[in-house]
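Colleague: Quick one: the structure is below, questions incoming.
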Amino acid sequence: MISAHLPVLQVVVPLVAAPLIVLLRRGLVGYVLAMAASAFVAGSALSLLADVWHGGVISYAIGNWPPPWGIEYRIDAANAFVLALLGVIAVVVAAYARRSVAAEVPAEQHYLFYAMYCLCLAGLVGITVTGDAFNVFVFLEISSLSSYVLIAFGRDRRALLASYQYLILGTIGATFIVIGVGLLYMMTGTLNIADMAARIGAVEARRPVLAALAFLTVGISLKAALFPLHLWLPGAYAFAPSAVSAFLAATATKVSLYVLLRFYFTVFGATFVFDALPMGGVLIALSVAAMFVASATAVFQADFKKLLAYSSLGQIGYITLGIGFASKAGLTGGVVHLFNHAVTKGALFMLAGAVALRLGSVRLDRMDGLAKAMPLTCAGIVLGGLSLIGVPGTAGFVTKWYLVLAALEAGSWTLAFVPVASSLLAVAYVWRFVEVAYFRPPSAEVARLSEAPPGLLLPAGALLVAVVYFGIDPSLTVGAAARAADALLAGIR
Amino acid sequence: MRNYLVLRVVAKIMIPFMLLYALYVQFHGDYGPGGGFQAGVIIAAAIIFYAIVFGLATARRVVPDWLVETCLAAGVLIYAGVGLVGILLGGNFLDYFVLDRDPVAGQHRGIFWVEAGVCVTVAGVMLKIFYMFAGRRREDDDA
């Protein structure tokens, strides 16, 4: 009986866990409930992914009002993939959060932290599973508002400013999205995404549809931190508590990119967006700019978490590059990079948190000789860095392989060189850490440090195992991503 | 404002009617304008009015912080609980049709409890925001 309700229970379980945690007011209870909710989301997400693996679609009518009148939750290969990613990351981050939050958040606020974590998870899962355009906006607000609070939990007072910046830009983004959805509703008379897709072709007046596309593109790009709308991201990731940086870096922008995919391919249709309009060229140009400008900025960061944040912006460029090709190989590369980058950057932010816990700072100039004191942490960071560069045998390589394939398929030799060339910039910023941590003598401050506790290393290690495993045998991730690409391209018209 | 006799007397007369009006807006939501959100705001407004006239400390004795925090969480639970009852009775999430033998009566029952949840949460959130702003002293800013 439960399995029939999994699509909605995924949202409801974390959503109910949040107020329960607030009612019970105990940090430990909060942790247990947050962990249980995350585990539930992970388990049901994987079971749903297995259900839609062979191209099925699961539809769930909220309140038993049949779609398109009621709100429909609709799961196909594309969002099942994102859902599985969310579930896996949520569990690992929850495991990491226990030790990390204890060190970084005042004890009397622990229960609030876990309540917000559950709300944020509920919002992200909701955006992913829903088949209703307005519902996307509602869940976007739930996840955004809770992530502003999560960022503001950071110890550094600049966390408040970063959170406020994100709040302003995030609200502008959400407003643009709701205007876009409103225009689509005006022209098609429906909010159900599948129904919208069926009706949009019959709309006579193209101008409101164009305006909707423009509003949605800008709004979603703001939430996804696509260059040049990324200004909120570096501060937000750098000053948030480590567990939050890891969670948001691995999930929040990825879910926004999924929304972009859904609107482009399912609602507007790839022919309209990429053939009738030059959106492919625009996306590719912005992606290339992101890869080079953001990665080059990363090279000059003094703060390791900021370095990782700028590197995230470059990596988002890889995903949007794949979307811009609008081909099977491009989409497979883009979608698989949602996962590959999530596990890589999640692990790196967790390890940065481990450094922050011992060293009290993540400034590169204080990390001299860190590898002597914290060998496992530093080895993990290097491994994650190799995946950012895209060295064969790591998950990052798989993405680049597909992107290069997609570029060659599109007949563009220059674009095939782009991911490779931007890898060189990744080498530069990863090398900065290697140089500081491995080739300098430990300072007196660093020499006193001990290795990070297992409570932080094990979750990060689990993600790094995934980085290596899916770098060597990507059949599972690429298989799921290829099915997601098929599902997105199925409605091509 | 505790020294203004007129204000105090007027407040004491008004507040019960404000609360009563909130209940009217709540329960009339089925048939006319109104509903849980508006009723919750009116309840919160009545208590905020009380706090402005009689002081924050007095208001906190009447409606303590723990009660406010409980309300804002409990309302969401009531709402989600209605949805889960729908599942337990063999329907979908938030399925009001199964809440009664007569589907129309079921719809009434479902929306009644959902609106009750909305009212409790909205009143709680409004008061929480008011308490947080009003209770903030200058030292807190420098801490």
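Taken together, the values in this text are just the output of simple stated rules run on the coordinates, not laboratory data. Everything numeric here is computed off the predicted structure, so don't read it as measured data. Neighbour counts are summed over all protein chains in view; Cβ atoms, including those assigned to glycine, are modelled from backbone coordinates with ideal geometry.
Colleague: Taking B:Lys128 as the anchor, which aspartates and glutamates have their alpha carbon closer than 13 Å to its alpha carbon, excluding any fewer than eight residues away along the same chain?
Modeller: Leaving aside aspartates and glutamates fewer than 8 places away in the same chain, those within reach of B:Lys128 are B:Asp65, B:Glu69.
Colleague: Distance check, please: which entries in A:Lys254/A:Lys372; A:Lys306/A:Lys328; A:Lys306/A:Lys400; A:Lys345/A:Lys372; A:Lys223/A:Lys372 exceed 28 angstrom between their Cα atoms? Write down the numbers at each step before the final one.
Modeller: Details: A:Lys254/A:Lys372 35 Å; A:Lys306/A:Lys328 33 Å; A:Lys306/A:Lys400 24 Å; A:Lys345/A:Lys372 23 Å; A:Lys223/A:Lys372 39 Å.
The answer is A:Lys254/A:Lys372; A:Lys306/A:Lys328; A:Lys223/A:Lys372.
Colleague: Assign one of three labels to the stretch A:104-184, namely rounded, prolate or oblate, based on the Cα gyration tensor with a ≥ b ≥ c the square roots of its eigenvalues; rounded applies when a/c is under 1.5, prolate when it is not and a/b is larger than b/c, and oblate otherwise. Show your work: numbers first, answer last.
Modeller: Details: a/c = 4.62, a/b = 1.67, b/c = 2.77.
It is oblate, given that a/c is not under 1.5 and a/b is not larger than b/c.
Colleague: Ranking request for peptides A:308-319, A:29-40, A:415-426: highest mean number of other beta-carbon atoms within 10 Å first, then the rest in descending order.
Modeller: Working: A:308-319: 27.5, A:29-40: 21.7, A:415-426: 18.8.
Packing proxy ranking, top to bottom: A:308-319, A:29-40, A:415-426.
Colleague: Let me ask something else. Could you work out the pair-distance distribution P(r) of the stretch A:289-337 from its alpha-carbon pairs, with 10 angstrom bin width and percents rounded to whole numbers?
Modeller: 32, 39, 23, 6
Colleague: Quantify how strongly other chains surround peptide B:80-90 by giving the mean number of their Cβ atoms within 10 Å of each of its Cβ atoms. Don't skip to the end; give the middle numbers.
Modeller: Working: counts 8, 1, 0, 7, 6, 0, 4, 7, 1, 0, 1.
For this peptide, the per-residue mean of nearby foreign Cβ atoms is 3.
Colleague: In addition: Sorted by mean Cβ packing within 10 Å, highest first, what order do the peptides A:457-465, A:160-168 take? Numbers along the way, then the final one.
Modeller: Details: A:457-465: 21.2, A:160-168: 18.3.
The densest-packed peptide leads the list: A:457-465, A:160-168.
Colleague: Diagonalise the Cα gyration tensor of the stretch A:316-493 and give the resulting equivalent ellipsoid semi-axes, square root of 5 times each eigenvalue, largest first, whole Å. All intermediate terms of the calculation are to be shown ahead of the outcome.
Modeller: Working: eigenvalues 247, 57, 24 Å².
Ellipsoid half-lengths, sorted descending, are 35, 17, 11 Å.
Colleague: Per-residue mean of other chain beta-carbon atoms within 10 angstrom of the beta-carbon, peptide A:54-66? Intermediate results must be reported in sequence, preceding the final value.
Modeller: Working: counts 0, 0, 0, 0, 0, 0, 2, 5, 6, 11, 10, 5, 0.
Mean number of neighbouring Cβ atoms from other chains: 3.
Colleague: Would you mind pulling out the separation of the Cα centroids of the stretch B:24-48 and the stretch A:371-389, in Å?
Modeller: Between the Cα centres of the stretch B:24-48 and the stretch A:371-389 lies a distance of 57 Å.
Colleague: Right, something else. With a Cα-only, solvent-free Debye model of chain B, what are the log10 I(q)/I(0) values at q = 0.15, 0.16, 0.18, 0.19 Å⁻¹?
Modeller: After summing over all Cα pairs, the log10 values are -0.81, -0.87, -1.01, -1.07.
Colleague: Who wins for biggest fluctuation among B:Val41, B:Val53, B:Val68 in a Gaussian network model of chain B, springs between alpha carbons below 10 Å?
Modeller: B:Val53
Colleague: So what is the 222 nm mean residue ellipticity for chain A from helices alone, if each DSSP H run of at least 4 adds -39500 (n - 2.57) and you divide by all residues, rounding to the nearest 500 deg cm²/dmol?
Modeller: Numbers: 21 runs with 369 residues, N = 493.
Taking each H run of at least 4 residues, the total per residue is -25000 deg cm²/dmol.
Colleague: Explain nothing, just the number: dipole magnitude of chain A about its Cα centre with +1 on each Lys and Arg Cβ and -1 on each Asp and Glu Cβ, in debye rounded to the nearest 20. Intermediate results must be reported in sequence, preceding the final value.
Modeller: Details: 28 positive and 20 negative charges, 155 e Å.
Rounded to the nearest 20 debye, it is 740 debye.
Colleague: I want the local charge near B:Gly91. Using Cβ-Cβ distances under 15 Å, sum +1 for each Lys or Arg and -1 for each Asp or Glu among the other residues. Write down the numbers at each step before the final one.
Modeller: On the way: positive: B:Arg101, B:Arg109; negative: B:Asp95, B:Asp100, B:Asp102.
Around B:Gly91, the surrounding residues sum to -1.
Colleague: Using alpha carbons only, how many angstrom separate the centre of the stretch A:253-276 from the centre of the stretch A:1-58?
Modeller: Between the Cα centres of the stretch A:253-276 and the stretch A:1-58 lies a distance of 27 Å.
Colleague: Count the net charge of all other residues whose Cβ sits under 12 Å from the Cβ of A:Thr253, scoring Lys and Arg as +1 and Asp and Glu as -1.
Modeller: Values: positive: A:Lys223, A:Lys254, A:Lys345; negative: none.
Residues near A:Thr253 contribute +3 overall.
Colleague: So what's the gap between the Cα centers of the stretch A:306-354 and the stretch A:149-216, to the nearest angstrom?
Modeller: When both Cα centres are located, 22 Å separates them.
Colleague: Quantify how strongly other chains surround peptide A:14-27 by giving the mean number of their Cβ atoms within 10 Å of each of its Cβ atoms.
Modeller: On the way: counts 0, 5, 7, 0, 4, 11, 4, 1, 7, 7, 1, 4, 0, 0.
What the average comes to for A:14-27 is 4.
Colleague: Over the stretch A:393-438, one equal point on each Cα, no solvent: what is log10 I(q)/I(0) by the Debye formula at q = 0.24, 0.33 Å⁻¹?
Modeller: Taken in order of the listed q values, log10 I(q)/I(0) reads -0.83, -1.08.
Colleague: For the stretch B:19-120, which chymotrypsin sites (Phe, Trp or Tyr not before Pro) are in a loop by DSSP, counting at most 16 other Cβ atoms within 10 Å? Can you show the working numbers first?
Modeller: On the way: sites: B:Tyr21, B:Tyr24, B:Phe27, B:Tyr31, B:Phe37, B:Phe49, B:Tyr50, B:Phe54, B:Trp66, B:Tyr79, B:Phe93, B:Tyr96, B:Phe97, B:Phe112, B:Trp113; in loops: B:Tyr31, B:Phe93, B:Tyr96.
Taking the stretch B:19-120 and a limit of 16 other Cβ atoms within 10 Å, the loop chymotrypsin sites (Phe, Trp or Tyr not before Pro) found are B:Tyr31.
Colleague: Give me A:Ser327, A:Ser245 ranked fewest to most by other Cβ atoms within 10 Å of their Cβ, as a rough exposure proxy.
Modeller: Numbers: A:Ser327 20, A:Ser245 31.
Ranking A:Ser327, A:Ser245 by Cβ neighbours within 10 Å, fewest first, gives A:Ser327, A:Ser245.
Colleague: Right, next: What number comes out for the charge environment of A:Gly30, summing +1 per Lys or Arg and -1 per Asp or Glu over other residues with Cβ under 14 Å away?
Modeller: Result for the neighbourhood of A:Gly30: +1.
Colleague: Mind ordering A:344-351, A:176-183, A:332-339, B:11-18 by average Cβ neighbours within 10 Å, highest first? Write down the numbers at each step before the final one.
Modeller: Numbers: A:344-351: 31.1, A:176-183: 21.1, A:332-339: 29.5, B:11-18: 13.4.
Highest mean packing first, the order is A:344-351, A:332-339, A:176-183, B:11-18.
Colleague: Work out Dmax and Rg for the protein assembly as shown from the C-alpha atoms and quote the Rg first, both in angstrom.
Modeller: Using the Cα atoms of the protein assembly as shown, the pair Rg, Dmax is 25.5, 84 Å.
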